[in-house]
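Peer 1: The structure that follows is given in the form of structure tokens.
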Amino acid sequence: MMADPLRGSTGLEGTEHVEIYLDGQWVPPEAARVSVFDHGLLYGDGIFEGIRIYGRRIFRLDAHLDRLWASARALALTIPLDREAMAAVVREAVRRNRQEDGYIRLVVTRGAGSLGIDPASCPTATVFCVVTDIHVYPRELYANGIRAITSATRQVSHEAFDPRVKSLNYLKNVLAKIDARQAGADEAILLNTAGYVAECSADNIFVVRTGRLLTPSPQDGGLEGITRGAILELAAEAAIPAAEARLTRYDLFTADECFVCGTGAELMPVTTIDGRTIGDGRPGPLTRRLTTAFHALARHEGEPVW
Ligand code: PMP
């Protein structure tokens, strides 16, 4: 059994047979190394996707590849594989590792170049794909909900850098997570520079108010999450009213329910924010209903890849 990649050191120690895709080769973890001249490392110049595997099915690979290519376009980064070849790499990674359920990390960096910032010194992008187990939060938190805080770390403004790009620059998210930990909480909510709710350190956010599902628009500074998109679809199918809305801390504190969502965390109820109890302090009925619907969707959508 692999260790948790989001908590452990490499997460891949002690594994029997792990194959990582790196620039056209399939290599064991100890050989999966990138150059100290890689601009992904030197400047955070790169992009990534985190993708789930449910029962040998890859959840919404097309949507992840759409977002990866959009991020690449935004950064003028040339991905050295075409889309079909990239999809084939991801499927092959799941197959080779015999992964039933788990997580795929697909990364494209600017590649190795000179120490200067100019991407022109990097002739070819670096591509790697790692498949592993995943447990972002302990199981009991899904039943009881997490404690969140609003972080003093603000979402970066689109005037500086559009946060819809899923880039390797996660320092604001890391700082927000540190803020959460130091406050004894599990997750941090980032407000944008105008004080509206944007997203969380690694998740999107929803609130429920009088039976309506509300989530910030990506214009307020958040990733266009694949999980968020699936939840909006499920709400539409179940005739649950849902809309994008501009939310303040007041809207969080006075919500009937709140949950965060992302590929890693899936749907996670939030039961306190900045020390205020949300609703009755238990995961709410709409959160639980959508969680059940999401798991049913994830288990059955698409074809198993092995
Ligand atoms: N926001 C941020 C900052 C994220 O890193 C993520 C992905 N972990 C999300 C939102 C959720 O996006 P997705 O549902 O596509 O994983």
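Peer 1: Under a crude label model (7 Å from the Cα following the beta-carbon direction), how far is T254 from E100 in nanometres?
Peer 2: Modelled inter-label distance: 4.8 nm.
Peer 1: Using +1 on the beta carbon of Lys and Arg, -1 on that of Asp and Glu, and nothing else charged, what's the dipole of the chain about the Cα centre, debye to 20? Display every interim value, and only then the final one.
Peer 2: Values: 33 positive and 39 negative charges, 84 e Å.
Using only the charged Cβ atoms, the result is roughly 400 debye.
Peer 1: Also: Can you compute the equivalent ellipsoid semi-axes for the range 38-81, i.e. the square root of 5 times each eigenvalue of the Cα gyration tensor, sorted largest first and rounded to whole Å?
Peer 2: Semi-axes, largest first: 24, 13, 8 Å.
Peer 1: Please list the helices of the chain that count as membrane-span-like by this rule: a mean Kyte-Doolittle hydropathy of at least 1.0 together with Cα atoms stretching 18 Å or more along the helix axis, each helix being a complete DSSP H run.
Peer 2: Values: long enough: 61-74 (20 Å, -0.16); 83-96 (19 Å, -0.24); 285-300 (23 Å, -0.25).
Going by DSSP H runs, there are no hits.
Peer 1: Counting only protein heavy atoms, what percent of the accessible surface of the chain is carbon or sulfur at a 1.4 Å probe?
Peer 2: 53 percent
Peer 1: What ranking do 119-129, 181-191 get when scored by the average of other Cβ atoms within 10 Å per residue, highest first?
Peer 2: Packing order, densest peptide first, comes out as 181-191, 119-129.
Peer 1: Throw me the Rg/Rh for the range 93-137, computed over C-alpha atoms with Kirkwood Rh, two decimals.
Peer 2: In the range 93-137, Rg relative to Rh is 1.20.
Peer 1: When the distances between all Cα atoms of the range 140-244 are binned every 5 Å from zero, what whole-number percent does each bin get?
Peer 2: Using 5 Å bins, I get a P(r) of 2, 12, 21, 22, 21, 14, 6, 2 for the range 140-244.
Peer 1: Where only protein heavy atoms count, and the probe is 1.4 Å, what is the accessible area per residue for the chain in Å²?
Peer 2: For the chain, the per-residue accessible area is 46 Å².
Peer 1: Rounded to the nearest 500, what is the chain's calculated 222 nm mean residue ellipticity when only DSSP H runs of at least 4 contribute -39500 (n - 2.57) each, over all residues?
Peer 2: Computed mean residue ellipticity for the chain: -8000 deg cm²/dmol.
Peer 1: Now for a separate question. Sort 248-260, 20-32 by packing, meaning the average of other beta carbons within 10 Å per residue, with the highest value first.
Peer 2: Listed from highest to lowest mean packing, they are 248-260, 20-32.
The values are calculated or read from the model by the stated rules, or taken from the named source; none is laboratory data. Keep in mind that this is a model prediction, so the values were computed, not measured. For neighbour counting, all protein chains shown are included, and Cβ atoms are generated from backbone atoms with ideal geometry for every residue, glycine included. The accessibility values were calculated without ligands, DNA or RNA, using every heavy atom of the protein model including side chains. Shrake-Rupley method; radii C 1.70, N 1.55, O 1.52, S 1.80 Å.
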